[in-house]
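Inspection log for the structure reproduced underneath, given as structure tokens.
Any read-out appearing in this document is the output of simple, stated calculations on the displayed coordinates, not a laboratory observation. The structure displayed is predicted, hence computed values, not measured ones. Heads up, the Cβs are rebuilt from the backbone with ideal geometry, glycines too, and the neighbour counts pull from every protein chain shown.
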Amino acid sequence: MTTFALSEEEAQVQATARAFLRDFVDNTYLNEQEASVAGFESARWERMRDLGWTSVHLPARVGGADGTLVDAALIARECGRAALATPLLPTLRTATVLDAVGGHKTYDDVLARIVGGAIATLVSPPDRTVVAERVSGGFALSGPPVLVEWLAQAEWVALLLPTRDEGWICAVVAADAFGERAQDVPSIDNERMVRLDLDGLVLPSEAVRSVHVPAETAADAVARADLLRASAMVGGAQDVVERTAKYALERHQFGQPLGKFQAVRHHLARMVIAADGAQLLCDDALNRAQPGTSETAIAQAAVFAAGRSYVQVVLTGAQVHGGVGTTVEHILHHHFRRAKAMQLRSGRRSTRLRELHHALVVRKEAVEGSLW
């Protein structure tokens, strides 16, 4: 089976992120942030900015660290492992898209603001439910309402949407431009959500900065952004596996550890298989996610596997824990809710499977030397 080793720099990024988060993130902290008004701690956000987390994969011309998507994915993975909800993931996804589609200078000032700590979020429904149409003086949008992460806290919103002529547009607008079309809604996890009604909205040319994006470039940008979410889900699944294995050794029943019972061992084995499979697919996709490669099938498979595995792992982990994992006194309840929420944000499973069929069977996008 294919394995992937981190470079010295990548290992340092991962170790630094894990040590920083371990220092303060626990179940009590997560519960407090969920109950707070903002949903995240601004001082910690500034510290993340100072550590370069928002800009690790951005080019030096905008103040970034000139790192790779792998670096950003490792940070997202550690946040997922900690079950920490912050605007970091949508900001990383937005920066990834703008850097991929904008080319030099188009969105450099926005990227520079992100490097400086500005929060941004991305509107690009995974099931392609919102469509843009060029009209006199701007773009008219149509489609059902969409849920957007951390929009109320964001400074910038990037919209990457298909158009009726089979192309795509990328438009960047101020987050406060939507007015009453943006309504706060409850979320099953602590990722603060807004219901955004874009149907009938016309984005005037003078109020947005838009570029036409070829369909292939847009697909590549979305795939790269989605891999960050997949990596976060992989991190969450890994943490649940580790916590459940530890619990099975510490918790005694009938005079012996739970892990001594064959049925529990089978549960743990299935959890490890699910988490490892998702990690392998995600790592393979990340190592091949170079701009212009158009290897979207691997990314789509990674997102699908990460969501499915995360849900499977937390359900089994809760069973091994005997239900304690679904109570607010145990950190597993954060993973329990985040798993399904993050899977749903990745789009319908039927859509993902159709995309995989189209990429692998119709376009025959299998890559030599990959897990395919």
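Determine ³J(HN,Hα), in whole Hz, for all residues of the range 108-120 in sequence, where each value follows from phi through the Karplus function 6.51 cos²θ - 1.76 cosθ + 1.60 and θ = phi - 60°; x replaces Gly and Pro. Each residue of the range 108-120 in turn: 4, 5, 5, 4, 5, 5, 5, 4, x, x, 5, 8, 9 Hz.
Report, please, the projected area of the range 121-213 averaged over directions, based on the convex hull of its C-alpha atoms, in nm².
Working: hull surface 23.0 nm².
For the Cα atoms of the range 121-213, the hull's average projected area reads 5.8 nm².
Estimated from helices alone, the mean residue ellipticity of the chain at 222 nm is -16500 deg cm²/dmol (sum of -39500 (n - 2.57) over DSSP H runs with n ≥ 4, per residue).
Pull out a ≥ b ≥ c, the square roots of the eigenvalues of the alpha-carbon gyration tensor of the range 167-281, then state rounded if a/c is under 1.5, prolate if not and a/b is larger than b/c, and oblate in the remaining case. Prolate. Expressed per residue, the C-alpha convex hull volume of the range 8-118 stands at 90 Å³. In this simple spin-label model, placing a label point 7 Å from the Cα along the Cα-to-Cβ direction at both residue 363 and residue 287 gives a separation of 2.2 nm.
Taking 225, 182, 278 as the candidate residues, the one with maximal mean-square fluctuation in a Gaussian network model of the chain, Cα springs under 10 Å, is 182.
GNM, the chain, Cα, under 10 Å: largest mean-square fluctuation among 258, 98, 147? Its mean-square fluctuation being the largest, the pick is 258. Structural size metrics of the range 79-154, computed from C-alpha coordinates, are Rg and Dmax of 14.4, 48 Å. Residues 260, 246 in ascending order of nearby Cβ atoms (within 10 Å, fewest first): 246, 260. Each label was represented as a point 7 Å from its Cα along the Cα-to-Cβ direction; for residue 216 and residue 8 these points are 3.8 nm apart. For the chain, the dipole from Cβ point charges (+1 on Lys and Arg, -1 on Asp and Glu) about the Cα centre works out to 1100 debye, to the nearest 20.
In summary, the aspartates and glutamates within cross-link reach of residue 260, defined as a Cα separation below 14 angstrom excluding same-chain residues under 8 places away, comprise 250. In order along the range 150-156, phi translates into HN-Hα couplings of 6, 5, 5, 9, 7, 9, 10 Hz, rounded to whole numbers, per the Karplus curve 6.51 cos²θ - 1.76 cosθ + 1.60 with θ = phi - 60° and x for Gly and Pro.
With no solvent and one equal point scatterer placed on each C-alpha of the chain, evaluate the Debye formula and give log10 I(q)/I(0) for q = 0.08, 0.10, 0.11, 0.14 Å⁻¹, two decimals. The Cα Debye sum returns log10 ratios of -0.39, -0.62, -0.75, -1.21.
The range 223-258 to the range 59-103: how many Å between their Cα centroids? If you average the Cα positions of each part, the centres end up 24 Å apart. The length gained by stretching the chain between residue 344 and residue 260 to full extension, at 0.36 nm per residue less their Cα-Cα distance, is 26.7 nm.
Residue by residue, the range 249-261 carries 3J(HN,Hα) couplings of 8, 8, 7, 9, 9, 6, x, 8, x, 4, x, 7, 7 Hz when phi is fed to the Karplus relation 6.51 cos²θ - 1.76 cosθ + 1.60 (θ = phi - 60°); x denotes Gly or Pro. For residue 213, the residues whose modelled amide H falls within less than 5 Å of its own, excluding neighbours fewer than 5 places apart on the same chain, are 168, 169, 170.
Panel order for 206, 9, 155, 355, by other beta carbons found within 10 Å of each beta carbon, from fewest to most: 206, 9, 155, 355. Across 133, 149, 180, mean-square fluctuation computed from a Gaussian network of the chain (C-alpha pairs under 10 Å connected) peaks at 180.
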